[in-house]
1. Among the residues of the range 140-151, which ones are over 10 Å from ALA181 (Cβ atoms) and either buried (at least 22 other Cβ atoms within 10 Å of the Cβ) or touching a residue at least 40 places away in the same chain (Cβ under 8 Å) (or both)?
2. How many residues, within the range 204-236, are hydrophobic (A, V, I, L, M, F, W, C) and in contact with a Gly (Cβ under 7 Å, 6 or more places away or on another chain)?
3. From the list ILE258, ILE172, exactly one residue is hydrophobic (A, V, I, L, M, F, W, C) and touching a His at 6+ places or on another chain (Cβ under 6 Å). Which is it?
4. Enumerate the pairs (first residue in the range 230-241 and surrounded by fewer than 10 Cβ atoms within 10 Å (Cβ to Cβ); second residue anywhere and assigned to a helix (DSSP H, G or I)) with beta-carbon separation below 7 Å, excluding pairs fewer than 6 apart on the same chain, so at least 6 apart or on different chains.
5. Among the residues of the range 256-293, which ones are in a loop (DSSP other than H, G, I, E, B) and of a type in the set (D, E, K, R)?
6. Consider ALA181 against the criteria (1) buried (at least 18 other Cβ atoms within 10 Å of the Cβ); (2) outside any helix (DSSP H, G or I): it satisfies all of them except one. Which criterion is unmet?
7. How do the pairs read when you match residues in the range 200-223 that are β-branched (Val, Ile, Thr) with residues anywhere that are surrounded by fewer than 24 Cβ atoms within 10 Å (Cβ to Cβ), using Cβ under 6 Å and keeping only pairs 6 or more apart or on different chains?
8. Just to verify a result, which residue in the range 211-225, among those that are over 25 Å from the mean Cα position of the chain (by Cα) and not in a strand (DSSP E or B), is nearest to SER135 (Cα to Cα)?
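The values are calculated or read from the model by the stated rules, or taken from the named source; none is laboratory data. None of these values were measured; they are calculated from a predicted model. Because the Cβ atoms are built from the backbone with ideal geometry, glycine has one as well, and the counts that use them run over all protein chains shown.
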Amino acid sequence: MVVKRQRFTQLLCFILFSKKISELKKKNFQDQKKKTMEMSLRLASSSTSNPICLLNPGKNLNFPIRNQRIPKTTKPFCVRSSMSSSKPRQTLSSNWDVSSFSVDSVAQSPSRLPSFEELDTTNMLLRQRIVFLGSQVDDMTADLVISQLLLLDAEDSERDITLFINSPGGSITAGMGIYDAMKQCKADVSTVCLGLAASMGAFLLASGSKGKRYCMPNSKVMIHQPLGTAGGKATEMSIRIREMMYHKIKLNKIFSRITGKPESEIEGDTDRDNFLNPWEAKEYGLIDAVIDDGKPGLIAPIGDGTPPPKTKVWDLWKVEGTKKDNTNLPSERSMTQNGYAAIE
């Protein structure tokens, strides 16, 4: 019993001692924190950046400000243009640095010809406000052409944009996106055909600004009705066919408005592939002029509609015995009437 009492007394003393030590530590921490705050306030009151010190410099400084001489340890301050100090703005390609358009950078650039790897023809054409459509019209090509048209129109809406076309056509929806972007631009979009402008390429060629649609003398223009395939269930095929008819009617209406011809004539002319030379395309109303340098030797002759004459190769199937054997073959009509008895 005595041992238990002694242990209880020791435990109680230990608890009281621990509590006293924690109180002392807490008090010392608060005192130290208070001293630190007082020290920081003193330093802040004597600092020159303090608003009180700036308003009353004589009370906080031990030396006059007017007689103080600041040593020249820093470099002289110079003002640079925002274009040279900031990073070059990249547009459309990592190789096109807009800051290189400034006069200072041109004057300081070394006089040497750029290597072939340094050339970026797309961006060099963009500097001349030229957009080149030289592939099939798909979603990726349409996105690039649309972004270039919007960029050039945003930079200067007073100067014309030239769209060179050498395309076999492609997606109707992608081409209609380019068409809408051309109509959205405030600047006039001039179109020039190089090589071939077929299908949607011919549609974009004719959609340029009136009076600014051109063809090279050796180029070709082809118009036709929309082409597509339909497969699957009957309902799915009907939906696809309905969409194709919708695009056909819409394109015929736009062609009719561009050329001034009735829709019935447009529908008849686009029923099959209709190839036109530059002068025929001009007469049809798809373009306004043919870019001709006046040198007839460089221009391909205009072909007429008559078929070429038959050669000896054409009659190779008329060898001896073949024509005689073919005369005795029964016709389909005789076979159906006689119940295939004519074969015997």
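1. Within the range 140-151, just LEU151 meets the criteria.
2. Keep residues of the range 204-236 that are hydrophobic (A, V, I, L, M, F, W, C), which gives 204-206, 215-216, 221-223, 227, 230, 234.
Retained after the next criterion (residues that are in contact with a Gly (Cβ under 7 Å, 6 or more places away or on another chain)): 204.
Matching residues across the range 204-236 total 1.
3. It is ILE172.
4. GLY231/MET237
5. First, pick out the residues of the range 256-293 that are in a loop (DSSP other than H, G, I, E, B): 260-262, 270-273, 277, 285-288, 291-293.
Result: LYS261, ASP271, ARG272, ASP273, ASP288, ASP292, ASP293.
6. With respect to (1) buried (at least 18 other Cβ atoms within 10 Å of the Cβ); (2) outside any helix (DSSP H, G or I), ALA181 is out only on (2).
7. Partner pairs satisfying both residue conditions: VAL221/LEU276; ILE223/THR270; ILE223/ASN274.
8. SER219
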